[in-house]
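Working notes, structure below.
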Amino acid sequence: MLTIQAIKLSPFKFKYLVEREDGSGEEIELDTKTYFLHDVCHFVIEKRLCYHKGFWGMLADGFAFSALFGKDNPQTSELRFIEQIVGPIQSVYMGHFDKKNFDEYIAHLNFEVSEPDLEYCLNEIENIMQKWEHLPIGESLTLIWK
């Protein structure tokens with residue numbers, strides 16, 4: 001289990017405080033526009049698809065934030081794979097891709113995201129983002145990864 005607290009520091013910055021089941025944890029401050037929506041998409045999609053070798057699963061397994069970002073990223077095949085699902089779902093959520101053509105965007109993966117799973121993910125992303133949007137500065141949103 002991983003407890004994730006996202007603290008809204010300003011309209012442009014936030015901080016993650018995470019605590020693993022073994023009591024270890026860490027924190028990182030990030031740019032909201034660059035990371036928050038994308039991280040929420042990872043959280044919802046990985047959780048719904050029971051995909052434990054993506055970003056949040058690796059963090060829960062003991063990887064540090066620094067190991068999962070940028071050039072130091074271990075680039076496991078599992079992390080690269082889920083990124084190819086997260087990107088298109090985030091694009092559908094943002095209105096850049098048409099939901100009815102979603103299967104075309106991931107056809108090369110030989111992996112199916114069912115319509116109910118896609119709908120669930122889009123709705124859950126929206127729910128979390130609405131909570132975040134209405135969250136006062138200094139307050140936190142808690143997510144649980146099991």
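Just so you know, in the range 44-94 the residues that are of a type in the set (Phe, Trp, Tyr) and part of a helix (DSSP H, G or I) include one that is surrounded by the most Cβ atoms within 10 Å (Cβ to Cβ), and it is Phe55.
Pairs only if they're at least six apart or on different chains, beta carbon under 9 angstrom, first in the range 117-140 and under 17 Å from Lys8 (Cα atoms), second of a type in the set (Ser, Thr, Tyr) and exposed (fewer than 14 other Cβ atoms within 10 Å of the Cβ); list them, first residue then second. From the range 117-140, the pairs are Ile137/Ser10.
Would you tally the residues in the range 6-16 being surrounded by fewer than 17 Cβ atoms within 10 Å (Cβ to Cβ) and either more than 17 Å from Leu141 (Cβ to Cβ) or within 15 Å of the chain's Cα centre (by Cα) (or both)? Matching residues across the range 6-16 total 1. Restricted to the range 1-17, and to residues there that are aliphatic (A, V, I, L, M) and either in contact with a Phe, Trp or Tyr (Cβ under 8 Å, 6 or more places away or on another chain) or in a strand (DSSP E or B) (or both), the residue that is farthest from Val40 (Cα to Cα) is Met1. Checked against (1) outside any loop (DSSP other than H, G, I, E, B); (2) more than 14 Å from the chain's Cα centre (by Cα); (3) of a type outside the set (Lys, Arg); (4) crowded, with 17+ Cβ neighbours inside 10 Å, Phe97 passes all but a single condition, namely (1).
Read the figures in this text as sums done on the coordinates, not as results from a lab. Just so it is clear, the structure is predicted and the values come from calculations on it, not from any experiment. Cβ coordinates were reconstructed from backbone atoms using ideal geometry, including for glycine residues, and neighbour counts include every protein chain displayed.
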